[in-house]
Structure formats: C-alpha cells, structure tokens
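Down below is the structure, laid out as structure tokens.
The values are calculated or read from the model by the stated rules, or taken from the named source; none is laboratory data. All values derive from a computational prediction rather than experimental measurement. No Cβ is skipped: glycine too gets one built from the backbone with ideal geometry, and neighbour counts run over all protein chains shown.
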C-alpha cells in the first residue's frame, strides 16, 4: 500500500460563530493527486492553511508527513511545497533571485549540472526569471510562485488555485508537471473551483461545500456512474410505457417516434430494451464531471464559508 502523506481526523475550524470547516476526514497517499473541489468560500483555503499549520484547529487534527500540522509546523514547512492562493513576492527581486534566496533560506543546495529539473520546468512554463517580479503580469508571477513550490522536489505539494492567471498553454504544461511529480511519487492536493481542471489531473476528487465534505470518490468511480443523455429515433413509435421499467432511466420524454432520456450508471439494460425495436438513429452524450457532480449533489446551497 502507498504511504499515507496527509491524514485529517475530524478536522474543524471555527471563526467565532462561523463554522468554516466541519469535521473533515480525508487521506492522501504518495503518488496520488487529490482534486479538492468547491465553490469560492467553501473552506478549501482554510483546509490548506490548517495542513500547513498556519491556523490552529478548533478541534480534530491534521497529520502531514507524520507530523502534527499544528504542533510540528516547522517540520511541515520544511518538507512541503505550498502555493497559497494569495501569493506575495518581493517585487524588486527577479524571479531567479527569488528562487536563489528561497533555496538558501531553506538550506537547499543547487543541483549539479548546467540545467536542473527546475530550470527545465521554468523553460517549459515560459517563466521570465530575469525580470523584477513586480514588473511581471499576474500569470508570470504565478509561474514564479509555482517554481517556488517545486523547490527541493518536495514529497507533498499543496496547491491553492494554482492556475489562476495562467493562459491555456501555461495551464496545460502545468498539468503535465503535476502528473509527472505524482508519477515520481509525490502526493498532490490541488484545490480548485474549476471541475474541468481537476478532471484532467486528479486520481480522486473531494468535494467540499459550506465547510463540509460531501463527496470523496475516484474519478474512475465517478465516470462509472456518469449520466448519459440519449436521443433515439425509431422507425415506428414504441408503445406507451415501453421504457418505464428500465433501471437507471430518468427524464424520459417520448414524442412519437423520438425518445429523449437520461441513463445513469450501466447503459446495457437500456440497449437491450432498444433491441426490441427498429432504431433508425441513436446519439449518446456522456456527462462531464461537472454535470455528474451537479446531478448527484445539486448546486451550492449558498451558505458558503471561508
């Protein structure tokens, strides 16, 4: 079994009378990418700050790389690559100077050879390291911050909305970097409110809403239970009620020789029922992760937290 890198046990955070995080139980193993999804204000950033020991939990605990995140936060800081959602860098330093300063501050030695792995990532992302950070666009400042999180090849990456400000090509390259780090054994917790982004890189998805975990599933399981929107055209109209007992069939709308419906889960029983009729045309569209999530859990209830 893979080593557990992050484990939370009934992790809870209150701000006065506001419950920002409610008894979160989640685990993350080495080599996994966990997509941490939720609308803005759902509790994602609070969770990452608790994992970094920047906030003290109201109750429960978080264990990161074998360390209590609050009591042993210095050890956590030394071992984790963290990208906060509100990156603040030294505006007068260039990107290269910022990286070198942080490398020395953390006691890291520069890898031998003319080109390090981080230099390669910088080139792939198109980071402008020779300009003062304060003169860079938001996207390029984000790229510098991403490189800082990757310093020292940490075994755990905590990334809070990491692609904000990146153009589509930058996002695509960043996703490749994340998968490469996971394949090399790193654990990655990627917080995002963009479902399509998580769908591209994650192995598992945790969904948080109003401070409470409402779903924790593998992408494989989500796709297995995905909904299919189906449009069928028959040579002759099927008799009324022909599809009433097909398991997983909902939203059935029959108009003469045309049938529109939604199939959730296994589509085989529906196909076998169709075999009893002469089908002229069939179009099936599998729902993406966003459609699946909304179908299973509904829209945000509006009671959002920090």
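Below are the figures for this structure:
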{"quantity": "Unmet criterion (only one of (1) buried (at least 21 other Cβ atoms within 10 Å of the Cβ); (2) out of contact with any strand residue (DSSP E or B) (no Cβ under 9 Å at 6 or more places or on another chain)) for residue 186", "calculated": "(2)"}
{"quantity": "Scope the stretch 182-199; condition in a helix (DSSP H, G or I) and at pLDDT 85 or above; matching residues", "calculated": "182, 183"}
{"quantity": "Residue in the stretch 116-125 that is assigned by TED's automatic domain parsing to the domain that holds residue 154, modelled with pLDDT under 90 and not in a helix (DSSP H, G or I) present", "calculated": "yes"}
{"quantity": "Test: residue in the stretch 20-37 that is assigned by TED's automatic domain parsing to the domain that holds residue 183, exposed (fewer than 15 other Cβ atoms within 10 Å of the Cβ) and either out of contact with any strand residue (DSSP E or B) (no Cβ under 7 Å at 6 or more places or on another chain) or over 20 Å from residue 189 (Cα atoms) (or both)", "calculated": "no"}
{"quantity": "Subset of the stretch 158-176 [under 17 Å from residue 32 (Cβ atoms) and in contact with a helix residue (DSSP H, G or I) (Cβ under 6 Å, 6 or more places away or on another chain)]", "calculated": "158, 175"}
{"quantity": "Residue within the stretch 127-145 that is in the same structural domain as residue 86 (by TED's automatic domain parsing), in contact (Cβ under 8 Å) with a residue 12 or more places away in the chain, in contact with a strand residue (DSSP E or B) (Cβ under 6 Å, 6 or more places away or on another chain) and under 21 Å from residue 34 (Cα atoms) present", "calculated": "yes"}
{"quantity": "Condition broken by residue 212, with the remaining ones in (1) closer than 30 Å to residue 15 by Cα; (2) not assigned by TED's automatic domain parsing to the domain that holds residue 19 satisfied", "calculated": "(2)"}
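Residue-by-condition table, conditions (1) touching a helix residue (DSSP H, G or I) at 6+ places or on another chain (Cβ under 6 Å); (2) without any contact (Cβ under 8 Å) to a residue 24 or more places away in the chain:
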{"position": "197", "(1), (2)": "no, no"}
{"position": "201", "(1), (2)": "yes, no"}
{"position": "231", "(1), (2)": "no, no"}
{"position": "234", "(1), (2)": "no, no"}
{"position": "237", "(1), (2)": "no, yes"}
{"position": "241", "(1), (2)": "no, yes"}
{"position": "269", "(1), (2)": "no, yes"}
